[in-house]
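This report concerns only the one structure given below.
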Amino acid sequence: MLDLKFVRENLAQTAAALRRRGHDFDVAGFEAVDVQRRAAITEAEQLKAAKNGLSRRIGELKKSGEDASELMDRVRLMGDQVAAAEARAGELDARLYDVLKRTPNLPHESVPDGLGAEGNVEVRSWGSPPRFEFQPKPHWELGESLGILDWARAGKISGARFTVYRGLGARLERALIQFMLDLQTQRHGYTEFWTPLLVNAETMYGTGQLPKFEEDLFRLRGEPGYYLIPTAEVPLTNLHRGEVLDEAELPLKYTAYSPCFRAEAGSYGKDTRGMVRQHQFNKVELVKFCLPERSFEEHEALTRDAEAVLEALELPYRRMLLCAGDMGFGAAKCYDLEVHSAGQEKRWWECSSCSNFTDFQARRADIKVRRRDGRKEFLHTLNGSGLATSRVLPAILENNQLADGSVAVPKALRPYLGGLERIGR
């Protein structure tokens, strides 16, 4: 959430920054409510001062034995007026915060202009897409012909946008997850967590999924209202909700594997074949808590940690700097890592989004840092996929397919598969 004080003092700047994202911020409406709020607060303060003055006069009258009943009636009336003015200020304050709850983060100055994917900028690329002497197949055909992925039975037991992994398909998925966790914990210094898959509404609010994106979430019936997590970012970030961390502790680097659940609202008819856009998929997540002055440096490092997975798997990829209008709700700056997929019409698929949220999530979740001099301020949070297996596994199958229909196993994964070099029929 944006800082109310900053927005109030920089309305034109805030509106201009949000226009870069395609968000229309109602300056006049916000300002009108804020003026009314300030008027109510001023009224309450003036009434309190007058009431206190009358109370002192009542004390003097009583001390001298004079009748103070009329003043006492006025004080009681003023008390009601103060309560009414404070209630009105509270209601107006809530209206301002309700606007901010639904307002995205301000884009960083280094983020390019643009309202869609066409405005994104390629920052770097790694590896060369493979060349085949045969017509490469998409992963859904490879998975079925190898007997390792089954969409028909997934549809029978669950419906569209689900996958059943079988035999070496299940082992490959498990190997990917284990490899990515080992890489981030052993080489990059992340602490591994295993968190609940069900969280409450306050947790979803802390990372920005609520209230704006409720339609994209799976909510369980009954009370309390539990939600299935769309990513491990949600519970990992909220581990420190309402806490104050010491400056010496930072940065904190957390990772976790989790199944992820997304309703994919608004994506009807898009990418229905294969496992690119699923209601349930697996992902290893990276989360950082850091000092504000270090967050953009830490953002670059986190993105490199995610890229290291693709490089170890020898998968060609490109890093895209997202334009202002294509970033996620809470991001101030975001890189997408897009992996090459040889067998699909669309050749590049996002497999990781690495975002710097600045203090946007920290304000919502009330996570602060205590400086060495005792001052407290909101820290910065970052997160990135490290990576989503629903995009990486298809890339492995498509980029490593051989003429006989088998698939070469990346060298980095072979120790996790008992030395297996190829997946055949």
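Tabulated data
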{"read-out": "Three-way shape label, the stretch 304-357, alpha-carbon gyration tensor, a/c 1.5", "value": "oblate"}
{"read-out": "Normalised contact order of the chain, rounded percent, pairs of Cα under 8 Å and 6 or more residues apart", "value": "20 percent"}
{"read-out": "In Hz, Karplus ³J(HN,Hα) per residue of the stretch 45-59 (6.51, -1.76, 1.60; θ = phi - 60°; x = Gly, Pro)", "value": "5, 5, 5, 4, 4, 5, 5, 5, x, 5, 4, 5, 5, 4, x"}
{"read-out": "Relative contact order computed over the stretch 147-231 (Cα-Cα under 8 Å; 6+ residues apart), in percent", "value": "19 percent"}
{"read-out": "Cα-based helix-to-principal-axis angle, 295-312 vs the chain, degrees rounded to 10", "value": "20 degrees"}
{"read-out": "Cα-derived Rg to Rh of the stretch 257-386, Kirkwood definition", "value": "1.02"}
{"read-out": "Computed helical MRE - 222 nm, the chain, DSSP H runs ≥ 4 contributing -39500 (n - 2.57), nearest 500", "value": "-12500 deg cm²/dmol"}
{"read-out": "Linear extension gain, ALA301 paired with LYS212, 0.36 nm per residue minus alpha-carbon span", "value": "29.1 nm"}
{"read-out": "Cα centroid separation, the stretch 214-245 to the stretch 84-143 (Å)", "value": "19 Å"}
{"read-out": "Once exposed loop chymotrypsin sites (Phe, Trp or Tyr not before Pro) are cut out (DSSP; at most 11 other Cβ, 10 Å), longest piece of the chain", "value": "269-425"}
{"read-out": "Part-to-part distance (alpha-carbon centres) for the stretch 331-408 and the stretch 184-208, which is given in Å", "value": "14 Å"}
{"read-out": "Positive dipole terminus of the chain, leading residue within CYS260, LEU172, VAL82 (C-beta point charges)", "value": "LEU172"}
{"read-out": "For the chain, convex hull of alpha carbons as volume per residue, Å³", "value": "172 Å³"}
{"read-out": "Three-way shape call for the stretch 349-389 based on the alpha-carbon gyration tensor, with the a/c threshold at 1.5", "value": "prolate"}
{"read-out": "Surface per residue (accessible, 1.4 Å probe) for the stretch 97-253, Å²", "value": "54 Å²"}
{"read-out": "Förster radius 22 Å - calculated FRET efficiency between ALA152 and ARG174 (Cβ-Cβ, nearest 0.05)", "value": "0.50"}
{"read-out": "Additional length obtainable on full extension of the chain from GLU264 to ALA39, 0.36 nm per residue less Cα span", "value": "76.6 nm"}
{"read-out": "Shape category assigned to the stretch 141-220 from the gyration tensor of Cα positions, a/c cut at 1.5", "value": "oblate"}
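The values are calculated or read from the model by the stated rules, or taken from the named source; none is laboratory data. Since the structure is predicted, the reported quantities are computational estimates derived from the model, not experimental observations. Don't worry about glycine lacking a Cβ; one is built from the backbone with ideal geometry, like all the others, and counts go over all protein chains shown. Protein only, heavy atoms only, side chains kept; ligands, DNA and RNA dropped before computing areas. Shrake-Rupley method; radii C 1.70, N 1.55, O 1.52, S 1.80 Å.
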